[in-house]
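> Here's a structure for you.
The values are calculated or read from the model by the stated rules, or taken from the named source; none is laboratory data. From a predicted model like this one, the values you see are computed outputs, not experimental measurements. No Cβ is skipped: glycine too gets one built from the backbone with ideal geometry, and neighbour counts run over all protein chains shown. Side chains included, ligands, DNA and RNA excluded: accessible areas come from the protein's heavy atoms. Shrake-Rupley method; radii C 1.70, N 1.55, O 1.52, S 1.80 Å.
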Protein chains: 2
Amino acid sequence: MSSATNYQAEVLKSIAQATRLKIIDFLRNGERCVCEIFPAIDEEQSNTSRHLAYMQTHGILSRRKDGVKIYYAVKHPEVFEIIDRATAIAKRESEVRIGLFSGAERD
Amino acid sequence: MSSATNYQAEVLKSIAQATRLKIIDFLRNGERCVCEIFPAIDEEQSNTSRHLAYMQTHGILSRRKDGVKIYYAVKHPEVFEIIDRATAIAKRESEVRIGLFSGAERD
DNA sequence: AGCATATATGATTATACATTCATATAATAA
DNA sequence: TTATTATATGAATGTATAATCATATATGCT
């Protein structure tokens, strides 16, 4: 198995999870500390912390310490581009599914 | 948990896996049947079939039957754009890691 | 009908993942 | 020093996922 493919998969896995998507979306306007993030996305502090650590380890987020607080930010603008394209696919697919109710497509 | 976020995550999960990345990459030049796909990516027929079914169910691939053969193709061009961006991130990150050997960064 | 080829799927196994609760650690304030 | 706030982490649990082997199903050929 190509190591490049594995690395690509790791990057995408760091994004492809509902809680992580909520975190990334909340970070669209720049860095935020954990204490701001977990109430905003309505998840437990410990769970949020784990996901942040995961994404930071996988190179998706940067981490900055200021006193007691830890600030995280999205490192690569491509992360948002990936999510925007996933949204476009999701939107198009859900429209197709709705369209099936009125159409007469059959397998 | 927002259902839109879940759907986005589902779309990304359909891509974020090494075997599926290999399949999608092989489909860059258009539709291919299962009998062409699994030898090309060097995976078992049954495993390949499961991943193809998964991606088709999740709206990533189209499926066309012609006799005994089943042809799969990538439905949304955004899928390739997502992978290209993941590749860019992976490349940039690996360069940073290599750079750390010569630099003097410390946490 | 019998055979070969293509694809899918049930059962199983091993592993990874997400979440929670309780607690540890670190920084700062009183 | 003690208390408070912010973050991280160990342990446990339930669930999901990937892969494999064996076999079922479907199509077309002779």
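> Testing the spin-label approximation: label points 7 Å from Cα along Cα→Cβ at residue B:94 and residue B:4. State their distance in nm.
Between residue B:94 and residue B:4, the simple spin-label model gives 3.6 nm.
> Right, here's the next one. Taking the C-alpha atoms of the protein assembly as shown, how large are the radius of gyration and the largest Cα-Cα span, Dmax, in Å?
Computed over the Cα atoms of the protein assembly as shown, radius of gyration and Dmax are 19.2, 67 Å.
> Any of A:13/A:75; A:69/B:13; A:13/B:22; A:91/B:13; A:75/B:91; A:22/B:22 with alpha carbons more than 23 Å apart? Name them for me.
On the way: A:13/A:75 16 Å; A:69/B:13 32 Å; A:13/B:22 15 Å; A:91/B:13 16 Å; A:75/B:91 13 Å; A:22/B:22 28 Å.
The answer is A:69/B:13; A:22/B:22.
> Given a 10 angstrom Cα cut-off, can you work out which residue in A:60, A:70, A:23 is the most mobile in a GNM of chain A?
Result for chain A, Cα springs under 10 Å: A:70 fluctuates most.
> Working from the pairwise distances between different alpha carbons, so that the mean of 1/r is found and then inverted, what is region B:3-75's Kirkwood radius in Å? Please report the intermediate quantities before stating the final value.
On the way: mean 1/r = 0.0810 Å⁻¹.
One over the average 1/r among Cα pairs gives 12.3 Å for region B:3-75.
> Could you compute how much accessible area chains B and A hide from each other, both sides summed, with a 1.4 Å probe? Nearest 100 Å² is fine. Mind showing how you got there, number by number?
Numbers: alone 7680 and 7680 Å², together 12020 Å².
Adding both sides of the contact gives about 3300 Å².
> Between the helical axis of B:78-102 and the dominant principal axis of chain B, each derived from Cα atoms, what acute angle in degrees is found, rounded to the nearest 10?
The helix B:78-102 is inclined about 30 degrees to chain B.
> Mind checking A:75-81 for the average number of partner chain beta-carbons within 10 Å of each residue's beta-carbon? Write out the running numbers ahead of the final one.
Details: counts 4, 7, 3, 9, 3, 1, 7.
Average neighbour count from other chains, rounded to a whole number: 5.
> Another question about this same structure. With axes computed from alpha carbons, what is the tilt in degrees of helix A:3-13 against the longest principal axis of chain A, rounded to the nearest 10 within 0 to 90?
Helix A:3-13 sits at roughly 90 degrees to that axis.
> Give me the inter-chain shielding for A:90-98: mean count of other chain Cβ atoms within 10 Å, whole number please. Before the final figure, lay out the partial values.
Numbers: counts 12, 4, 4, 8, 4, 0, 2, 1, 0.
Partner-chain Cβ atoms within 10 Å, mean over residues of A:90-98: 4.
> Using Cα centres only, tell me the gap between region A:68-95 and region B:36-57 in whole Å.
Between the Cα centre of region A:68-95 and that of region B:36-57, the gap is 27 Å.
> In sequence order, what are the phi-derived ³J(HN,Hα) couplings for region B:37-42 according to the Karplus relation 6.51 cos²θ - 1.76 cosθ + 1.60 with θ = phi - 60°, rounded to whole Hz, with x for glycine and proline?
Working through the residues one at a time gives 5, 5, x, 5, 9, 6 Hz.
> Carbon and sulfur atoms: what percent of the 1.4 Å accessible area of region A:3-75 do they account for?
Ligands and nucleic acids excluded, carbon and sulfur reach 44 percent.
> Obtain the nm distance between the two label points defined at residue B:63 and residue B:50 by a simple spin-label model: each point lies 7 Å from its Cα along the Cα-to-C-beta direction.
About 1.6 nm separates the two model spin labels.
> Which one of A:75, A:91, A:13 has the biggest mean-square fluctuation once chain A is modelled by GNM with Cα springs under 10 Å?
Of the options given, A:91 has the highest mean-square fluctuation.
> For a quick check: with amide H placed at 1.01 Å from N, whose amide H comes under 5 Å from residue B:70's, ignoring anything fewer than 5 positions away on the same chain?
HN-HN under 5 Å from residue B:70: B:34, B:35.
> Then there's this: Note down the relative contact order for chain A as a percent, whole number, built from C-alpha pairs under 8 angstrom at least six residues apart. Present the calculation step by step, with values, prior to reporting the outcome.
On the way: 82 pairs, mean separation 25.2, N = 107.
Reported relative contact order: 24 percent.
> Let me ask something else about it. Using a 10 Å cut-off around each Cβ of peptide B:54-64, what is the average number of partner chain Cβ atoms that fall inside? Please report the intermediate quantities before stating the final value.
Working: counts 0, 0, 0, 0, 3, 7, 2, 0, 0, 1, 0.
Partner Cβ neighbours, averaged per residue: 1.
> Note down the accessible area of residue A:66, probe 1.4 Å, to the nearest 10 Å².
About 80 Å², ignoring ligands and nucleic acids.
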